[in-house]
Structure formats: structure tokens, C-alpha cells
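Engineer: Got a structure for you, written out below as C-alpha cells; questions coming shortly.
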There are 2 protein chains.
Amino acid sequence: MKIAILAPIAWRTPPLKYGPWEQVAANITEGLIKKGMKVTLFATGNSQTKAELRYISKTAYAEDPSLDPKVWECLHISMAMEQAKEFDIIHNHFDFLPLTYSGLIKTPMLTTIHGFSSEKIIPVYKKYNKKNAYVSISNSDRSPELDYIATVYNGIDKSQFTYNANPKNYLLFFGRIHPDKGTWESIQIAKQAGKKLIISGLIQDENYFEKKVKPFINDEDIVYLGNSGPKQRDKLLGEALALLHPISFDEPFGLSVAEAMLCGTPVIAFNRGSMPELIKHGNTGFLVKNIEEAVEAINNISSLKREDCHQWALQNFSLERMVDDYLDVYQHLIK
Amino acid sequence: MKIAILAPIAWRTPPLKYGPWEQVAANITEGLIKKGMKVTLFATGNSQTKAELRYISKTAYAEDPSLDPKVWECLHISMAMEQAKEFDIIHNHFDFLPLTYSGLIKTPMLTTIHGFSSEKIIPVYKKYNKKNAYVSISNSDRSPELDYIATVYNGIDKSQFTYNANPKNYLLFFGRIHPDKGTWESIQIAKQAGKKLIISGLIQDENYFEKKVKPFINDEDIVYLGNSGPKQRDKLLGEALALLHPISFDEPFGLSVAEAMLCGTPVIAFNRGSMPELIKHGNTGFLVKNIEEAVEAINNISSLKREDCHQWALQNFSLERMVDDYLDVYQHLIK
């Protein structure tokens with residue numbers, strides 16, 4: 001099977017820092033190569049891959065202000081489309097623009113919808129609904145106006161996470177410091193449960209941090225460590241008694257939730273978005289409604305087995321599982 | 001010959017007010033229909049035409065903030081491309097994005113480059129240089145990096161302009177109030193020549209108007225009339241002794257220069273951009289280097305025949321001439 005992976009070019013693939021869509025495109029590409037597939041990656045020229053790399057833009061437009069995004073996006077996409085005949089399938093990670101070329105090629109195209117940046121982009125997905133196959137990254141992230149061929153959860157590289165059977169006695173908030181993610185709620189939960197809370201993440205909302213988070217930081221029971229790299233992430237997630245995830249938005253997929261469970265750490269999350277798909281309630285964590293229920297859940301945390309969390313994440317959110325799921329979808333489409 | 005005209009959708013076609021590219025697309029469409037051609041116009045749904053109108057966006061995105069420009073641009077273009085087989089030729093007025101679909105269709109595409117919004121867009125034109133045929137709107141507006149099949153000057157609807165053999169005794173500045181257009185220079189020329197100057201145009205640069213134009217306005221020898229509609233434009237251009245056009249940029253095509261000559265009014269212009277193509281020096285106006293030379297030219301203005309100006313504009317800048325020129329190019333491409 002000859003597979004083309006069409007990555008975005010906002011960042012290189014894989015990204016050096018931020019770039020979640022490029023990261024998923026990289027994970028799929030390298031996972032397919034490991035399976036012995038013939039893969040061609042369309043990405044920036046400075047991307048790194050074991051697949052065959054094809055590019056028109058040497059660098060990423062988010063890293064090079066001399067590049068006009070619209071110009072290089074359409075050059076990048078059209079280059080891939082003009083070579084469509086060489087492939088059995090094109091797997092698109094580049095949002096809606098490639099769809100508008102798909103009526104002019106014969107190769108089937110699969111599009112992973114990594115999220116809807118705005119309701120305004122739905123008309124493109126609607127127009128190409130029949131011609132294209134869409135994959136959602138969780139069942140909760142589906143638009144009722146579109147047809148989907150499958151949900152494929154984002155897969156984690158398990159070599160970066162260590163199972164830890166013997167945690168320390170702290171709770172963890174891990175993610176962007178932003179009202180959406182519930183940093184303030186996590187502090188209230190920890191205080192009411194009488195537990196230490198470690199906070200790690202990028203400050204995305206400076207005003208929120210100053211007003212709702214910083215006043216509680218005392219380096220004793222409420223500790224802020226800044227952003228964490230992969231090693232510290234592994235340690236923080238694995239040593240936590242539980243991850244707190246009291247979100248106030250319908251998160252399409254919570255990567256840190258899956259990562260925590262892979263380390264053996266159960267998750268206490270507000271029950272919305274993709275959370276009921278990620279967490280097996282009463283087994284790998286608790287789905288709760290509010291701060292009070294979260295505090296109660298912490299008192300019951302010892303009833304959960306960390307090994308169950310680990311196994312659940314391995315089975316459902318590993319890179320290998322993601323790649324196998326996509327291969328199934330490719331096979332189905334080529335038939 | 002089955003012709004598709006691909007208009008932009010920033011504005012309806014023809015535009016109600018501003019919208020120069022949509023205006024040219026409308027002029028060509030209606031001119032071709034008059035010649036008995038079969039024309040399909042791809043434009044907004046509220047456009048008005050005697051051709052067959054096809055659309056996906058009912059309204060123009062510059063007039064409707066609920067429409068995302070990128071979304072509706074690519075939907076509009078891909079709709080036309082998916083119907084390419086029905087046409088002998090596609091004439092693109094929509095800048096660079098349609099080029100990136102042209103490698104996927106068999107119908108020849110002609111692109112009028114109405115101007116380069118930025119150097120950053122040239123890579124797209126370069127990539128599709130061989131596959132596509134480009135038309136420049138003046139020889140001076142050509143990029144040395146591209147190949148062109150022809151220059152076709154924008155054509156004027158002559159029913160909107162009246163030849164006037166007996167002008168009044170004033171000079172005219174007609175166009176955007178902006179340093180590019182030389183409003184301040186026009187005032188200096190008029191003052192030094194001892195002539196009245198009428199200024200008409202939209203204030204595009206408010207700061208420039210306040211500092212360099214307004215202090216001279218006295219409602220006697222320097223008069224500002226604001227923006228003019230078609231009727232006042234016809235009267236102002238026709239009754240002027242000469243049009244002043246002391247530009248400080250390489251203007252790709254000066255519409256008011258052609259319109260003034262059509263009314264019989266000679267033009268005194270700084271010699272740059274498309275001016276040497278528009279003005280027949282010493283016959284329909286004077287090409288000058290600076291304010292001093294412009295003043296000298298005014299003293300010689302009676303040596304020019306207004307009938308010559310009129311005939312020159314009729315022959316070179318009429319709508320009929322533009323349509324005939326484009327038909328020649330279409331024929332050449334279809335062969």
C-alpha cells in the first residue's frame with residue numbers, strides 16, 4: 001500500500017516545540033514505517049522522517065515571517081495533489097483546504113479532523129462530505145452535520161512514559177494555565193481534600209494566572225513548576241496520586257489524561273467532551289460534576305488499581321493502536 | 001467558444017461601489033455577451049449579468065462578516081474547477097489561488113494579473129508559469145520572472161464619458177488623496193502655473209490630507225469637491241483644461257488618465273509606471289520629470305488637439321478593444 005501523509009507546514013514535522021497536528025502526522029508516519037509500509041510524507045523541507053520526504057517549502061511559515069502562509073499552503077497542497085496518482089491513499093492532516101482539490105483527483109483521501117477552529121469552516125466539510133472520508137479524534141468531537149468513517153484516538157509514544165506502581169502523596173494539574181483547563185478549580189479541590197497540588201504547564205492566560213492561580217501559590221501545598229519537558233513530565237505524571245482535569249469546555253481529546261493513565265495514574269475529570277471516552281469511570285478514574293464530587297472522588301482514589309489505568313491506556317491510546325486503526329480505515333477506503 | 005469568467009467574490013459583480021477586479025470581470029463578461037459568445041460567469045449569487053451565472057456563495061465576503069474569506073474563496077474556485085470540462089477556456093481574475101488547481105484540469109486557463117499585492121505571491125506565479133498563460137494590464141507591470149502571452153489594457157465603457165471640445169479654464173486632480181497619487185504636487189503645479197485646481201477623490205490617507213492638502217484649500221483657486229459619482233466625473237474630466245497625474249509610484253494602469261483622454265482632456269503625468277503606454281507624449285499629453293516641467297507643459301497645453309486625445313483613447317482603451325484583444329488571446333490558447 002502506497003500511503004501519502006499530508007502534514008501542515010505551520011511547523012516542521014515533528015515540531016520542535018508546539019505543533020500538535022504536525023506531531024500526530026509524524027507519529028502516524030513513523031508508526032506506518034515501523035509496520036513496513038511505503039510512506040511518503042509531505043511536510044516542510046527541514047522535517048525529519050524515515051519516510052520519503054517531499055516538500056516545496058523548505059521551512060515552516062510560523063517560523064519564517066518571509067513566507068506568506070496562504071501562498072505556501074496552496075503550493076504545498078497542490079504539489080501533493082498533482083502527485084496523487086502515485087498513491088493508493090492520501091491521509092490529510094491539513095484541515096479543509098485540501099478537500100477542495102479532492103474533486104479533481106482519483107486517489108481516495110482520508111481527512112482527520114483535528115478540531116473545528118470555527119463553525120465558519122463547516123461548509124467546506126459539508127460540501128465534500130460524500131467524496132471524502134472523515135475521522136474524528138473522539139466521538140464527542142463529531143459534527144452532527146457530517147458523516148464519519150471512524151473515530152481514531154491520538155496515540156502516545158509509550159517509550160516516553162514509565163509505569164509507576166508507587167506514587168507520592170500529591171495531586172497534579174498538568175496542562176495550559178487557562179480557565180478552560182480548570183487550574184483554579186484544581187486548587188479548590190486540592191485544598192478541600194487537604195492534599196498537596198503540583199501545577200505544571202505553560203501560562204496561556206496571563207490575567208487568569210495573576211488573579212486566580214498566583215495568589216494561592218505558596219511553595220508548600222500549592223506548587224507551580226512552570227512548563228515541563230518530556231523527562232519531568234514522565235516523573236510528575238507517574239508520581240501523582242491522581243491527575244485533576246476539571247475542564248470547563250468540551251475538550252475533543254485530553255492528551256495528558258491518556259498519558260497519566262499510561263503511567264498508572266488515575267484521573268478525576270469533569271464529565272464533558274471526550275472525558276467519558278478517555279476515562280473508565282470507577283476503574284481508571286472518576287467522572288464528576290463539580291468540585292464537591294471531585295473531593296469525594298479523591299477520598300475513594302485508593303479503590304482504583306494503578307495497573308488497570310496502565311493497561312487501559314496501553315490498549316486504547318498507544319501509538320501502535322492508532323496506527324492499526326488507521327490501517328484498517330485505509331484498507332476499507334481502498335476497497 | 002464556451003468561456004468561463006472566474007470573478008473574485010470579495011464584492012458582487014459588477015461591484016456596487018469599490019471592487020476594481022470585479023468591475024473588469026463584469027466588463028469583459030458583458031462585452032463578450034454583446035459579441036454573441038457563450039459565457040458563464042462564476043461570481044457571487046447576487047451578481048448581475050447577461051451571462052449564465054453560477055455561484056456557491058450567495059453574497060460577497062467583504063459585505064458579509066459571517067463569511068470566512070478563505071472558506072468561500074476555495075469553495076468558489078473549486079466549484080469552477082470541478083466544472084472545467086464544460087468550457088473551452090477559463091479566464092481567471094482571482095489572483096493566484098486558482099493557479100494551484102490548474103495542474104489538475106485539462107481546460108486551458110488564462111490569468112489576468114491585475115497587480116501584485118506583494119512580492120511574496122510571486123512563487124505561485126513562477127510555479128505555474130509554464131502551465132498557465134498570463135496577461136499583464138500594462139507592459140510596465142510585468143514581472144521579469146514571468147512569461148506573458150499579451151498585455152491587454154483595461155477597457156472603459158464609453159457610454160459613461162462625453163467628448164468635450166471646449167473646456168473651462170481649470171486643472172484637475174482626480175483620484176485617491178494619497179502621496180502615491182501626488183495631490184500635493186498637483187497643488188504646487190497649479191499654483192506655479194497660476195491656474196485654478198479642482199481636486200476630486202476619496203481621502204485614503206487622512207494624515208496626508210490634513211497636513212499636505214487641506215491647508216491649501218481656499219474654495220477659490222484650490223477647490224476640493226470630495227468623491228465624485230459617474231455623472232460628476234464625466235463633467236469634471238470633460239471640462240478640465242488638463243488632468244494632472246504627478247504620481248510617485250509605478251502605477252500599473254491609470255484608469256482616470258484613459259478616461260480623461262476619452263473626454264478630450266490631455267494629461268500631464270510624471271513619467272513612470274504605465275504612463276508612457278497611456279499617454280502619447282506631445283500629442284495626448286506630456287510626460288514630465290518634476291513640478292517645473294509640469295508647469296512648462298501647462299504653458300504648452302494649447303498645442304495639443306483635444307480630438308486627438310479622444311481618438312487615441314477610443315482606439316486603445318475602449319471596452320470593445322479590450323474584449324477583442326482577449327478574444328484573440330483565447331483563440332490562440334485554444335489552438
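The values are calculated or read from the model by the stated rules, or taken from the named source; none is laboratory data. Just so it is clear, the model here is predicted, and its values are computed rather than measured. Cβ sites come from the backbone with ideal geometry, for glycine too, and all protein chains shown count toward neighbours. What goes into the accessible areas is simple: the full protein's heavy atoms, side chains included, and nothing from ligands, DNA or RNA. Shrake-Rupley method; radii C 1.70, N 1.55, O 1.52, S 1.80 Å.
Engineer: I want to verify a result. In a Gaussian network model of chain B, Cα cutoff 10 Å, which of these has the top mean-square fluctuation: B:Lys120, B:Lys34, B:Lys58?
Structural biologist: B:Lys120
Engineer: Between A and B, which A residue has the Cβ nearest their rotation axis, distance in Å?
Structural biologist: Axis-proximal residue of A, distance in whole Å: A:Leu104, 2.
Engineer: Between region A:277-335 and region B:228-259, what is the separation of their alpha carbon centroids in Å?
Structural biologist: Cα centroid of region A:277-335 versus Cα centroid of region B:228-259: 71 Å apart.
Engineer: Averaging over all projection directions, find the projected area of the Cα convex hull of region B:113-171 and quote it in nm² with one decimal place.
Structural biologist: Mean orientational projected area (region B:113-171, Cα hull): 6.7 nm².
Engineer: Among A:Pro15, A:Pro123, A:Pro266, whose mean-square fluctuation peaks in a Gaussian network model of chain A (Cα, cutoff 10 Å)?
Structural biologist: A:Pro123
Engineer: Continuing with this model, one more query. So which trypsin sites (Lys or Arg not before Pro) in region A:67-119 are both in a DSSP loop and have at most 15 other Cβ atoms within 10 Å of their Cβ?
Structural biologist: Here the trypsin sites (Lys or Arg not before Pro) that fit, given the DSSP loop and packing criteria, are A:Lys106.
Engineer: Which distances in nm, rounded to one decimal and ordered from shortest, link the label point of A:Asn166 to the equivalent label points in the other identical copies, with labels set 7 Å from Cα toward Cβ?
Structural biologist: 11.1
Engineer: Placing the label point 7 Å from Cα along the Cα-to-Cβ direction, what are the distances from B:His281 to the equivalent spots in the other copies, shortest first, in nm to one decimal?
Structural biologist: For B:His281, the other copies' label points sit at 8.5 nm, shortest first.
Engineer: Mean residue ellipticity at 222 nm from the helices of the protein assembly as shown, using -39,500 (n - 2.57) per DSSP H segment of n ≥ 4 over the full residue count, to the nearest 500 deg cm²/dmol?
Structural biologist: -9500 deg cm²/dmol
Engineer: Could I ask something else about it? Between A:Leu241, A:Leu104, A:Leu32, which gets the highest mean-square fluctuation from a Gaussian network model of chain A, Cα cutoff 10 Å?
Structural biologist: Between A:Leu241, A:Leu104, A:Leu32, it is A:Leu104 that shows the largest mean-square fluctuation.
Engineer: Would you work out the Kirkwood radius for region B:183-224? I mean one over the mean of 1/r across all pairs of different Cα atoms, in Å.
Structural biologist: About 10.4 Å, per the Kirkwood formula over Cα pairs.
Engineer: Here is a further query. Just want to confirm a number: the relative contact order over region A:34-118, from Cα pairs under 8 angstrom separated by 6+ residues, in percent.
Structural biologist: 19
Engineer: Can you pull out the buried accessible area for chains A and B, both sides counted, probe 1.4 Å, rounded to the nearest 100 Å²?
Structural biologist: 2300
Engineer: Calculate, in nm to one decimal, what A:Asn129 and A:Lys305 gain on full extension: separation in residues at 0.36 nm each, minus their alpha carbon distance.
Structural biologist: Difference between extended and current length: 59.1 nm.
Engineer: I need to check one value: relative contact order of chain B, counting alpha carbon pairs closer than 8 Å and at least 6 residues apart, in percent.
Structural biologist: 14
Engineer: Now for a separate question. Kindly identify region A:139-250 as rounded, prolate or oblate by the Cα gyration tensor criterion: order the square roots of the eigenvalues as a ≥ b ≥ c, call it rounded if a/c is under 1.5, otherwise compare a/b with b/c, prolate if a/b is larger, else oblate.
Structural biologist: Oblate, because a/c is 1.5 or more while a/b does not exceed b/c.
Engineer: Let me know the charge dipole size of the protein assembly as shown about its Cα centre in debye, to the nearest 20, where only the beta-carbon of Lys, Arg (+1) and Asp, Glu (-1) is charged.
Structural biologist: With Lys and Arg at +1 and Asp and Glu at -1, about 980 debye.
Engineer: Can you list the distances in nanometres, one decimal and ascending, from the A:Pro144 label point to the identical position in each other copy, with the point 7 Å along Cα to Cβ?
Structural biologist: 6.1
Engineer: State whether region B:206-275 is rounded, prolate or oblate according to the following rule on the C-alpha gyration tensor (a ≥ b ≥ c being the square roots of its eigenvalues): a/c under 1.5 gives rounded; otherwise a/b larger than b/c gives prolate, and the remaining case gives oblate.
Structural biologist: Oblate, because a/c is 1.5 or more while a/b does not exceed b/c.
Engineer: What per residue convex hull volume, in Å³, comes out for chain B when only alpha-carbon positions are used?
Structural biologist: So the per-residue Cα hull volume is 135 Å³.
Engineer: Let me ask something else about it. Where Rh denotes the Kirkwood radius from the mean inverse Cα pair distance, what is Rg over Rh for the protein assembly as shown?
Structural biologist: 1.11
Engineer: How much length is gained on full extension from A:Arg272 to A:Asp221, taking 0.36 nm per residue of separation minus their Cα-Cα distance?
Structural biologist: Net length gain for the segment: 15.6 nm.
Engineer: Would you mind computing the Rg to Rh ratio of region B:75-134 from its alpha-carbon coordinates, Kirkwood style for Rh?
Structural biologist: Using Cα coordinates only, the ratio equals 0.94.
Engineer: What is the spin-label model distance, in nm, from A:Glu52 to A:Lys168 if the labels are put 7 Å beyond Cα along the C-beta direction?
Structural biologist: Between A:Glu52 and A:Lys168, the simple spin-label model gives 5.0 nm.
Engineer: Pop the C-beta distance of A:Glu210 and B:Lys38 into the FRET formula with R0 = 60 Å and round what comes out to the nearest 0.05.
Structural biologist: 0.35
Engineer: Report, by chain and number, residues whose modeled amide H sits under 5 Å from the one on A:Ala133, excluding near sequence neighbours (fewer than 5 apart, same chain).
Structural biologist: The list, which skips near neighbours in sequence, is A:Met109, A:Thr111.
Engineer: Next question, about the same structure. Can you give the three extents of the C-alpha atoms in region B:176-335 along their principal axes, from longest to shortest, in whole Å?
Structural biologist: 59, 35, 30
Engineer: Also, quick follow-up: Given an 8 Å cut-off on Cα distances and at least 6 residues of separation, report the relative contact order of region B:1-69 as a percent.
Structural biologist: 35
Engineer: Next question, about the same structure. Quick one: ranking A:Tyr61, B:Tyr170 by accessible area, 1.4 Å probe, largest first, what do you get?
Structural biologist: A:Tyr61, B:Tyr170
Engineer: Express in whole angstrom the spacing between the alpha-carbon centres of region B:144-207 and region A:51-108.
Structural biologist: Distance between centres, Cα-based: 44 Å.
Engineer: Between rounded, prolate and oblate, where does region A:1-154 land on the alpha carbon gyration tensor, with a ≥ b ≥ c its root eigenvalues, rounded for a/c under 1.5, else prolate if a/b exceeds b/c?
Structural biologist: It is rounded, given that a/c, with a ≥ b ≥ c, falls under 1.5.
Engineer: Something else now. Could you pull the accessible area for A:Glu220 with a 1.4 Å probe, rounded to 10 Å²?
Structural biologist: The accessible area of A:Glu220 comes to roughly 140 Å².
Engineer: Any idea what diffusion coefficient region A:32-80 gets from Stokes-Einstein, in µm²/s, Kirkwood Rh on alpha carbon pairs, 20 °C, 1.002 mPa s?
Structural biologist: Approximately 184 µm²/s, per Stokes-Einstein.
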